[in-house]
Amino acid sequence: MDWIGIGNEGHDAFRGRLADAAGTTPDRVAVHCVHQHDAPICDFGAEAILLRAGRDPLSFEGTFAREVLGRLAEAVRGARDRAQAVTHVGLGEATVSEVASNRRLLGTDGRVRATRWTTCRDPQLRAEPEGLIDPVVSLVSFWATNQPVAVLSYYAVHPQSYYRTGLPNPDFPGVARFLRQLAVPAALHVHFAGAGGNLGAGKYNDGAPENRGILAGRLADGMRRAWELTRREPLTADQVTWHVEPVRLPPAKHLSVAALEAQINAGEAQPETAYAAARLAWLRRCEVGRRVEVSCLRVGSARILHLPGELFVEYQLAAKAEQPGTFVAMAAYGDYGPGYIGTAVAYEQGGYETSPAASLVAPEAEGVLLAAIRTLLRAGP
């Protein structure tokens with residue numbers, strides 16, 4: 001979805017309705033957002049909390065989301081009657097240049113001394129090195145003999161060039177996807193945001209509107225080269241499997257039901273009140289033992305992981321290191337409920353992403369997710 005995020009009960013609703021329309025179960029449905037900021041956000045749990053408190057749900061008002069979900073379900077049901085047989089899967093990778101950079105700039109004491117936001121107007125911060133990123137865009141394509149049917153792309157970066165315009169748009173990843181759709185019109189093109197929670201385009205973007213086209217062109221160029229380097233392999237039904245690992249992510253210790261309820265009941269109709277409701281929806285789910293489902297789609301020799309939240313790039317790099325020589329792609333921004341998910345050490349380093357304002361999980365989440373990733377990548381057919 002070209003949305004900011006879909007979290008908590010909203011994520012449950014999307015997976016449930018789409019599963020019903022597809023004739024499968026919710027654990028076999030992955031719903032992800034690309035995370036553009038001039039876009040909708042959905043959390044039916046937060047909406048319900050705000051309405052019960054007599055508050056305006058603001059951006060969590062769910063009428064539009066429910067309309068979209070209904071149309072999606074109809075589209076999926078209709079697509080079942082037009083299913084195409086797939087004979088091959090294609091796998092391709094290429095390096096994307098001058099798009100992603102790490103947002104967290106560390107000082108000599110090992111702590112975050114500055115954040116290089118996705119729009120960065122400070123020339124000194126833009127002059128800093130890229131830092132830790134995953135520069136690779138991964139393409140998984142499905143083919144009916146020699147005809148491409150669909151192309152899935154995966155790249156880790158915050159997808160903003162400039163935003164808060166009041167006009168919905170897919171920003172530069174959406175433009176790149178559109179350019180590739182024009183180049184390969186026979187296939188459906190779907191783009192997934194990888195683990196880019198601590199990545200942005202800030203080194204290469206001062207917020208000038210023309211940078212949207214420049215960044216889109218660079219990402220599209222990487223997609224083009226990955227397409228040209230794609231190798232195809234025959235695909236049979238027994239080479240397509242789906243594995244699920246439910247996990248309990250530990251909630252951040254700063255979260256308190258009583259404090260959040262008091263903030264909601266005392267607050268005006270403003271974004272902070274809405275965000276408090278989203279935090280409360282997440283915390284209540286944790287307290288009743290709700291799990292987040294991490295999954296892996298095995299298609300031929302490829303492994304595609306589906307993860308929640310605004311995940312740090314270290315998780316993506318760890319997944320690829322777990323299976324060297326294996327084609328591994330990652331989609332993050334699944335269930336948006338937990339917010340940012342840093343590495344354990346990142347919570348000691350400071351910075352926005354692991355602050356109480358942004359991350360709703362404890363540092364121990366790293367061990368939980370890395371264990372799930374290992375289990376999924378090692379799972380048998």
**Prompt:** Just one of Glu67, Glu74, Glu98 is in contact (Cβ under 8 Å) with a residue 24 or more places away in the chain and over 30 Å from Asp221 (Cβ atoms); which is it?
**Reply:** Glu74
**Request:** Kindly provide the set of residues from region 125-142 that are under 30 Å from Leu305 (Cβ atoms) and not in a loop (DSSP other than H, G, I, E, B), ordered by number.
**Result:** Val136, Val137, Ser138, Leu139, Val140, Ser141, Phe142
**Asked** In region 80-88, is there at least one residue being of a type in the set (Val, Ile, Thr), at pLDDT 95 or above and either touching a Phe, Trp or Tyr at 6+ places or on another chain (Cβ under 8 Å) or within 30 Å of Pro123 (Cα to Cα) (or both)?
**Response** yes
**Message:** Within region 90-119, take every residue that is of a type in the set (A, V, I, L, M, F, W, C) and crowded, with 17+ Cβ neighbours inside 10 Å and give me the one that is farthest from Gln239 (Cα to Cα).
**Reply:** Val112
**Prompt:** touching a Gly at 6+ places or on another chain (Cβ under 9 Å) and not polar (S, T, N, Q), is that true of Val151?
**Reply:** yes
**Message:** Looking at Tyr352, Tyr340 in this structure, which one is out of contact with any Phe, Trp or Tyr (no Cβ under 7 Å at 6 or more places or on another chain), part of a strand (DSSP E or B), in contact (Cβ under 8 Å) with a residue 12 or more places away in the chain and within 27 Å of Gly110 (Cβ to Cβ)?
**Reply:** Tyr340
**Residue list for region 100-124, filter: assigned to a loop (DSSP other than H, G, I, E, B) and polar (S, T, N, Q)** = Thr108, Thr118, Thr119
**Asked** Thr273 versus (1) in a helix (DSSP H, G or I); (2) closer than 30 Å to Glu93 by Cα; (3) among the polar types (S, T, N, Q): which is the lone unmet condition?
**Response** (2)
**Prompt:** Taking Leu297 and the conditions (1) crowded, with 17+ Cβ neighbours inside 10 Å; (2) modelled with pLDDT under 95, which numbered condition does it fall short on, given that it satisfies the others?
**Reply:** (2)
**Complete:** Residue pairs qualifying under the 6 Å Cβ cut-off, at least six apart or on distinct chains, with the first in region 108-123 being of a type in the set (A, V, I, L, M) and the second being modelled with pLDDT of 95 or more and assigned to a loop (DSSP other than H, G, I, E, B), are Val112/Gly350; Val112/Gly351
**Message:** Quick check on this structure: which one of Arg290, Arg303 is modelled with pLDDT of 95 or more and in contact with a Cys (Cβ under 7 Å, 6 or more places away or on another chain)?
**Reply:** Arg303
**Item:** Qualifying position, being within 25 Å of Val29 (Cβ to Cβ), within 17 Å of the chain's Cα centre (by Cα) and not hydroxyl-bearing (Ser, Thr, Tyr), among Val361, Val368
**Value:** Val361
**Request:** Could you tell me which of the residues Leu297, Leu305, Leu280, Leu249 is under 27 Å from Pro26 (Cβ atoms) and part of a loop (DSSP other than H, G, I, E, B)?
**Result:** Leu249
**Qualifying position, being over 27 Å from Arg303 (Cα atoms) and either of a type outside the set (S, T, N, Q) or in contact with a Pro (Cβ under 8 Å, 6 or more places away or on another chain) (or both), among Tyr162, Tyr154** = Tyr162
**Message:** Based on this model, can you work out whether Ala144 counts as crowded, with 18+ Cβ neighbours inside 10 Å, small (Gly, Ala, Ser) and closer than 24 Å to Phe327 by Cβ?
**Reply:** no
**Request:** Any chance you could count how many residues in region 143-188 are over 20 Å from Val99 (Cα atoms) and assigned to a strand (DSSP E or B)?
**Result:** 8
**Request:** Assess whether Arg231 counts as being surrounded by fewer than 17 Cβ atoms within 10 Å (Cβ to Cβ) and either at positive phi or more than 20 Å from the chain's Cα centre (by Cα) (or both).
**Result:** yes
**Asked** Going through region 223-245 one residue at a time, which ones are closer than 14 Å to Trp143 by Cα, among the polar types (S, T, N, Q) and in contact (Cβ under 8 Å) with a residue 12 or more places away in the chain?
**Response** Thr230
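The values are calculated or read from the model by the stated rules, or taken from the named source; none is laboratory data. Here the structure is a predicted model, which means the values were calculated and not measured. So basically every Cβ, Gly included, is an ideal-geometry build from the backbone, and we count neighbours across all protein chains shown.
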